[in-house]
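Asks: Take this structure first; my questions come after.
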Amino acid sequence: MVLDKLSSSLRNAVSKLRGKPVIDEAAIMDFLRDVQRALLEGDVNVKLVLELSKKVKEKALKEKAPPGFSRRDLAVKILYEELTDLLGKRPPSLELDGKKTNVILVVGIEGSGKTTTVAKLAHWFSKRYGKVAIISSDVIRPASRLQIEQMVGNEVPVFWKDSKDPLDIMKTGIERFRKEKYNVVLIDTAGRHKDEEGLMKEMISYYETVKPDLVLLVIDGTIGQEAFNQAKAFAQSIPIGGVIVTKLDGAAKGGGALSAVAAAGAPIYFIGTGEKLEDLERFDPDSFVSRLLGGGNIVELAKRMEEAFKETALLEKISKGKFDLEDYREYLKQLTKAGPLDKLLEMIPGLGSKLSNMEFDPKEMRRWMAIIDSMTMEERRNPSIIRGSRIERIARGSGVTAKDVRRLLKSYGQAKKMMESMSSPAKMRRLMRRMGISE
Ligand code: GDP
Ligand code: MG
């Protein structure tokens, strides 16, 4: 597993928290100290660690766990979300233009793992995007061509020519692969220079000559938070489309590298997890963090809590006598599932039987949700303005008739009236207190 050490420290922190008899401020602080230690040992930047723990502390103490969940669950869910945030946004999907030769320039400093990564990428792309080729332009280390050929075998052609000028090699190679209608061309480059300025000048000359469709920056995961400066330096010279962090297998500082790249604002597309062709993984902060924390049950917990939060928010609104179309949409969604809302509605005398008399048809409910989706936010918040031409527009937008829209509005009106008559605010508040939803 990638980032073994960080993973086991975080898991220990979570199970220690779970074992505590009482979750008070002291217990949360103890949990946070464990989390901080784990992250700092993983070389995550101190400032980032402090920010994260401050947020977890605030939320874990202030927010109220929805019914059926404990403060332990809440703290774990918040940690999961904040760690995901720390690792940046989910990278955009790799949409390549199917009608042309997509040129991908791979840059990075010497030793970061470019050549290895280019071979891995070629393997990855050729499984998904048709014909893939490689240009080997490292004139400082011409042996890198053999290194690639050894890795990809006959799977992918590798272009190279005997020249001292990388730009010449790139241009000739691209021309050839364009003519032969390749879908993807990956360019391996050299990354050695006496100084950073010289290196960046060279990067700019590559970029201007090749005019690539995508630039991928390779960063060595073992350098930890130093990755921040490297990502910044490259991004200031040429537009970096995405980053690949390598050597995460066994890199004690891998967490530091990943969070530093995210902090530098560059999306992480892939991670390298070994020296073989297959050791390349698409990076997604969500699933990465869930693995780090020990798998599916934490994601499951986070999802269930998110749903429960929505349900309680909806109940609070109803109790305050507010119920607009946006709420109605959420209500329709909840009606299809069993949850606290169900239980609550059953407890309101008369409401449960009334609801079952109304006979909601799931197909109809989905159509209603689609109709609400094609309304503006103003209309959802203030349904009384929906008349005449608005109804026509909404019907067109959701592919139904004006009659359908009117039926939805009518059912919304009925539901709203029912909520109001069945649930006097005082009665609702009592119920919610009983269920532990509000103080
Ligand atoms: P370049 O100089 O940037 O082209 O780097 P190379 O591709 O030649 O890689 C430098 C060294 O790092 C080689 O020994 C590679 O086998 C190794 N390497 C690259 N990626 C990984 C990885 O993800 N995991 C491990 N363990 N080693 C890697
Ligand atoms: Mg190389």
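Asks: Only one of these is part of a strand (DSSP E or B) and small (Gly, Ala, Ser): Ala133, Ala65, Ala122. Name it.
Replies: Every option except Ala133 fails the conditions.
Asks: Does Glu51 meet the test of being more than 16 Å from ligand 2 (Cβ to nearest atom), out of contact with any helix residue (DSSP H, G or I) (no Cβ under 7 Å at 6 or more places or on another chain) and acidic (Asp, Glu)?
Replies: yes
Asks: Working carefully through the options Leu74, Leu61, find the one that is touching a residue at least 24 places away in the same chain (Cβ under 8 Å) and either open to solvent by 40 Å² or more (accessible area, probe 1.4 Å) or among the hydroxyl-bearing types (Ser, Thr, Tyr) (or both).
Replies: Leu61
Asks: Moving on. Being touching a residue at least 24 places away in the same chain (Cβ under 8 Å), assigned to a helix (DSSP H, G or I) and surrounded by fewer than 19 Cβ atoms within 10 Å (Cβ to Cβ) is the filter here, so list the residues in segment 13-47 that pass it.
Replies: Once the filter is applied, which keeps residues that are touching a residue at least 24 places away in the same chain (Cβ under 8 Å), assigned to a helix (DSSP H, G or I) and surrounded by fewer than 19 Cβ atoms within 10 Å (Cβ to Cβ), segment 13-47 yields Arg18, Glu25, Met29, Asp34, Arg37, Glu41.
Asks: Quick one: is Val245 without any contact (Cβ under 8 Å) to a residue 60 or more places away in the chain, part of a strand (DSSP E or B) and open to solvent by less than 10 Å² (accessible area, probe 1.4 Å)?
Replies: In short, yes.
Results for (1) under 18 Å from Leu48 (Cα atoms); (2) buried (at least 24 other Cβ atoms within 10 Å of the Cβ); (3) basic (Lys, Arg), shown as yes or no for each residue.
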| site | (1), (2), (3) |
| --- | --- |
| Lys232 | yes, no, yes |
| Ser259 | yes, yes, no |
| Pro267 | yes, no, no |
| Thr273 | no, no, no |
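Asks: In addition: In contact with a Leu (Cβ under 6 Å, 6 or more places away or on another chain), closer than 30 Å to Leu217 by Cα and modelled with pLDDT of 90 or more, is that true of Phe283?
Replies: Against the criterion (in contact with a Leu (Cβ under 6 Å, 6 or more places away or on another chain), closer than 30 Å to Leu217 by Cα and modelled with pLDDT of 90 or more), Phe283 does not qualify.
Asks: Let me ask something else about it. Any chance segment 169-187 includes a residue that's in contact with a Lys or Arg (Cβ under 7 Å, 6 or more places away or on another chain) and either within 13 Å of ligand 1 (Cβ to nearest atom) or of a type in the set (Val, Ile, Thr) (or both)?
Replies: Yes, segment 169-187 has at least one match.
Asks: When only residues in segment 188-229 that are within 13 Å of ligand 1 (Cβ to nearest atom) and acidic (Asp, Glu) count, which is nearest to Gly113 (Cα to Cα)?
Replies: Top of the filtered list is Asp220.
The values are calculated or read from the model by the stated rules, or taken from the named source; none is laboratory data. These figures come from a predicted structure and were not determined experimentally. We place every Cβ from the backbone using ideal geometry, glycine too, and count neighbours over all the protein chains shown. Each accessible area value is taken on the protein alone, full model and side chains, heavy atoms only, with ligands, DNA and RNA left out. Shrake-Rupley method; radii C 1.70, N 1.55, O 1.52, S 1.80 Å.
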